[in-house]
Amino acid sequence: MKCAENIVLIGFMGAGKSTVGRELAKRTGRFFLDADALIESAAGREVASIFKQEGEEAFRALEKESARWMAECVRGSVISTGGGMPTVVKRLKDIGIVVYLKLPFRKIVERIDAKERAGRPLFADMNRAEELFEKRERIYEEQAQITVDADGPVERILEDILKALGSLR
Ligand code: S3P
């Protein structure tokens, strides 16, 4: 049996990559894989603790390593990436079809509450998070093969992705 190509979801923190990813996996008969969770299980620690104990660079190195592994070994999955992965992994399309969940910064802020911010080290400082967002938008656009408006109900976002995937074939 031939394995389906992976679908790689990219976008800023809080864009809905995990929520949409889980549903998209169900709808397309793929497994769901969260790249942050993969790194956490390999490192035996949470992302926030990797940032705190070893620093961001160490985390980015783990992201690159996980991306190499996914390109080599993972098939038939929907993969949600950490918001910074597209900045360090230059060719995400080596892993699968890259789908960008695009959302304005103010919408992202509305979605991420204080508790969630605590688990996301780069969201500790709101001004820094906005600067990061502005820098990354271009990178997301460049890596994306499909871009969808992620401001709205999950069902509509799924329909847009499925339609775009259909017209890629
Ligand atoms: C990061 C996003 C996080 C996580 C880490 C760094 C980033 O993932 O990988 O805290 O650089 O944007 P989510 O996008 O799933 O929150």
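Shown for the chain is the translational diffusion coefficient from the Stokes-Einstein equation, using the Kirkwood radius over Cα pairs, a temperature of 25 °C and a viscosity of 0.890 mPa s: 152 µm²/s.
On a 31 Å Cα-Cα criterion, which of the cross-link pairs 2/115; 93/115; 2/52; 26/93 come out too long? Pairs exceeding the cut-off: 2/115; 93/115; 2/52.
Pairs exceeding 21 Å between alpha-carbon atoms, taken from 107/135; 17/135; 64/90; 135/163: 135/163.
List the trypsin sites (Lys or Arg not before Pro) in the stretch 70-114 that DSSP assigns to loop (not H, G, I, E or B) and whose Cβ has at most 16 other Cβ atoms within 10 Å. Which are they?
75, 90, 91
Among 15, 129, 58, the residue with the largest mean-square fluctuation in a Gaussian network model of the chain, with springs joining Cα atoms closer than 10 Å, is 58.
The charge dipole of the chain, taken about its Cα centre with unit charges on the Cβ atoms of Lys, Arg (+1), Asp and Glu (-1) only, comes to about 460 debye. Per residue, the average separation of C-alpha pairs within less than 8 Å and at least 6 apart gives the chain a relative contact order of 33 percent. Phi-derived couplings, Karplus 6.51 cos²θ - 1.76 cosθ + 1.60 at θ = phi - 60°, listed residue by residue for the stretch 98-113: 8, 10, 9, 8, 9, 8, x, 4, 4, 6, 5, 4, 4, 7, 9, 8 Hz, with x used for Gly and Pro. Annotation for the stretch 83-169: chymotrypsin sites (Phe, Trp or Tyr not before Pro) lying in DSSP loop with at most 15 further Cβ atoms inside 10 Å of their Cβ do not exist.
Values in this text are rule-based calculations from the coordinates and carry no lab data. Keep in mind the model is a prediction, meaning the values are calculated, not measured. Positions of Cβ are backbone-derived with ideal geometry, glycine not excepted, and every protein chain shown enters the neighbour counts.
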